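Contents: one structure, followed by commentary.
The values are calculated or read from the model by the stated rules, or taken from the named source; none is laboratory data. Remember, it's a predicted structure, so these values are computed and weren't measured experimentally. No Cβ is skipped: glycine too gets one built from the backbone with ideal geometry, and neighbour counts run over all protein chains shown. Note: areas computed on protein heavy atoms with side chains; ligands, DNA, RNA excluded. Shrake-Rupley method; radii C 1.70, N 1.55, O 1.52, S 1.80 Å.
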Amino acid sequence: QLQAFGGGLVQAGGSLRLSCAASDRTVSNNGMAWFRQTPGKDREFVAGVDWNGGTTSYGDAVKGRFTVSRQKAQSTMYLQMNNLKPEDTAVYYCAAAPIGSAYVPRMQYEFRYWGQGTHVTVSS
């Protein structure tokens, strides 16, 4: 139901923009978020946005470098990643939580829908 794309290989200091598209409008009133995962580690919250796009939240590791946004009408979420670092290398997943309020979900158990992941590799 969710599809993430836009990953790739980029040099440190570069930028990428990830997109997450929903196959239908089921998630249009959901809070949405990006997580990332590296081998051997649990998924880490990266950034999230509330159902209406008015409230955002970021993980400490990406504050000031990443920006999350959404086009509610199209149930699409974006993650603009600037000043990328090698430690940003991971598989990035988008997720949607059935929470229709000005609250940004951050915990994995809050999310009902998950995308398949897109790889981001940052070379030093």
For the range 1-15, name all the residues that are open to solvent by 30 Å² or more (accessible area, probe 1.4 Å) and either among the aromatic types (Phe, Trp, Tyr) or in a strand (DSSP E or B) (or both). Gln3, Phe5, Leu9, Gln11
The range 50-69: number of residues that are at pLDDT 95 or above and not hydroxyl-bearing (Ser, Thr, Tyr): 9
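Report the residue count in the range 32-53 for those that are over 11 Å from the mean Cα position of the chain (by Cα) and open to solvent by less than 70 Å² (accessible area, probe 1.4 Å). If you could, list the steps in order and put the result at the bottom.
If we filter the range 32-53 for residues that are over 11 Å from the mean Cα position of the chain (by Cα), which is where we start, we get 37-43, 50-53.
Restricting the remaining residues to those that are open to solvent by less than 70 Å² (accessible area, probe 1.4 Å) gives 37-38, 43, 50, 53.
The qualifying residues number 5.
For residues in the range 98-124 being part of a loop (DSSP other than H, G, I, E, B) and touching a Leu at 6+ places or on another chain (Cβ under 9 Å), which is least open to solvent (accessible area, probe 1.4 Å)? Quick ask: steps written out before the conclusion?
Taking the range 98-124 and keeping what is part of a loop (DSSP other than H, G, I, E, B), we get 98-107, 111-112, 115-117, 124.
Filter once more, so that each one left must be touching a Leu at 6+ places or on another chain (Cβ under 9 Å): 115-116.
On the way: Gly115: 10, Gln116: 103 Å².
That would be Gly115.
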